[in-house]
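**Student:** Below you'll find the structure I mean.
The values are calculated or read from the model by the stated rules, or taken from the named source; none is laboratory data. Everything quoted here is computed from the prediction, not taken from an experiment. Ideal geometry is used to build each Cβ from the backbone, glycine not excepted, and the neighbour counts take in all protein chains shown. Accessible surface is based on the protein model in full, side chains and every heavy atom, while ligands, DNA and RNA are left aside. Shrake-Rupley method; radii C 1.70, N 1.55, O 1.52, S 1.80 Å.
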Amino acid sequence: MSWFTQTLSGSVGKKLLMALTGLFLILFLVIHLAGNLQLLFGTDGEAFNIYAHNMANNPLIKVVSYGNFFFILVHVIDGIILTMKNKAARNVRYKVATKDSKSSWASKNMALLGIITLVFLVAHLKGFWYEFKNGTVAEVMYNGMTIPDGYAIVDFAFSNPLIVAFYVICMIFLGFHLSHGFSSAFQSMGLNHKKYTPFISKLGILYSILIPFGFAIIPILMYLNISL
């Protein structure tokens, strides 16, 4: 077994892998949100459809997309392994939490939050990505160019208040997951210092609020037929 494999198989290596994949996904969420905000432009879906068409036919974006799926898989598997190891390492279980415990609710329930996020992701991919790739999607024409009307799929889904509520609730859980995961990722990489750790912590809180809010506001405004 090589030193690289030995490092990744250890607890420190797995935490580092969790941090690196997490940071990649954090960056991806920003880019994904920027694209999804095209749904709110008052062009009857034209801005989003053109954006989606360009992304789907960009070779670089295809590579990044497959890489994203891979990193999600690694992040999930690594998280499960770390959770199992942490539980196995607890020889004593305290029925009452100590008063000096500084752990947040999110840090104590990262596994649960991760599972909820994973369930949402599967539902999201099935309802949108899979339908766009393998379903029967109507086509629209812009400036003589015929492209799939992905906006129609999203618009139809977000006309259902139950789906809108599901998305908003899941984004709240995602916010809690990110609130701990953001700063934890930097700490796992050794970037923990009194000079910049407070800034990273505050940036993480801001990120964990703004990104989930951005994703949650999209179905709400589409349901209310409000465009930018």
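**Student:** What does the accessible area of Ile50 come to, in Å² to the nearest 10, when a probe of 1.4 Å is used?
**Tutor:** Per-residue accessible area (Ile50): approximately 50 Å².
**Student:** Another question, then. The list (1) 36, 21, 17; (2) 32, 25, 18; (3) 27, 20, 16 gives values of semi-axes √(5λ) of the Cα gyration tensor in Å, and only one came from this structure; which label was calculated from it?
**Tutor:** Computing semi-axes √(5λ) of the Cα gyration tensor in Å and matching it to (1) 36, 21, 17; (2) 32, 25, 18; (3) 27, 20, 16 gives (1).
**Student:** Taking a probe of 1.4 angstrom, what is the accessible area of Phe41 in Å², to the nearest 10?
**Tutor:** 90 Å²
**Student:** Return the subset of Lys87/Lys108; Lys15/Lys108; Lys62/Lys133; Lys14/Lys85; Lys85/Lys202; Lys87/Lys195 for which the Cα-Cα distance in this structure is over 21 Å, preserving the input order.
**Tutor:** Over 21 Å apart, Cα to Cα: Lys85/Lys202; Lys87/Lys195.
**Student:** Would you tally the net charge around Phe156, using a Cβ to Cβ cut-off of less than 12 Å, leaving Phe156 out, and scoring K and R as +1, D and E as -1? Before the final figure, lay out each step's value.
**Tutor:** Numbers: positive: none; negative: Glu131, Asp149, Asp155.
Combined, the nearby Lys, Arg, Asp and Glu give -3.
**Student:** So how much accessible area does Lys202 have, in Å² to the nearest 10, using a 1.4 Å probe?
**Tutor:** 140 Å²
**Student:** Amide H neighbours of Tyr142 under 5 Å, counting only residues 5+ apart in sequence or on other chains, H built in-plane at 1.01 Å?
**Tutor:** Residues meeting the amide H criterion: Ile147.
**Student:** What ranking of Met18, Met222, Met84, Met145 comes out by heavy-atom accessible area, probe 1.4 Å, highest first?
**Tutor:** Sorted descending by solvent-accessible area, the residues read Met84, Met145, Met18, Met222.
**Student:** Have a look at Ser183, Ser103, Ser65 and tell me which one the Gaussian network model of the chain (Cα, springs below 10 Å) gives the largest fluctuation.
**Tutor:** Per the Cα network of the chain with a 10 Å cutoff, Ser103 tops the list.
**Student:** I'd like the carbon and sulfur percentage of the solvent accessible area for region 103-228, probe radius 1.4 Å, heavy atoms only, ligands and nucleic acids excluded.
**Tutor:** 69 percent
**Student:** Contact order normalised by length for the chain, with contacts defined as Cα pairs under 8 Å and 6 or more residues apart; what percent is it? Don't skip to the end; give the middle numbers.
**Tutor:** Details: 182 pairs, mean separation 69.5, N = 228.
Computed over the chain, the figure is 30 percent.
**Student:** Under a Cβ-Cβ cut-off of 15 Å, what is the net charge of the residues other than Thr43 that fall near it, where Lys and Arg count +1 and Asp and Glu count -1?
**Tutor:** On the way: positive: none; negative: Asp44, Glu46, Asp149, Asp155.
Summing Lys and Arg as +1 and Asp and Glu as -1 gives -4.
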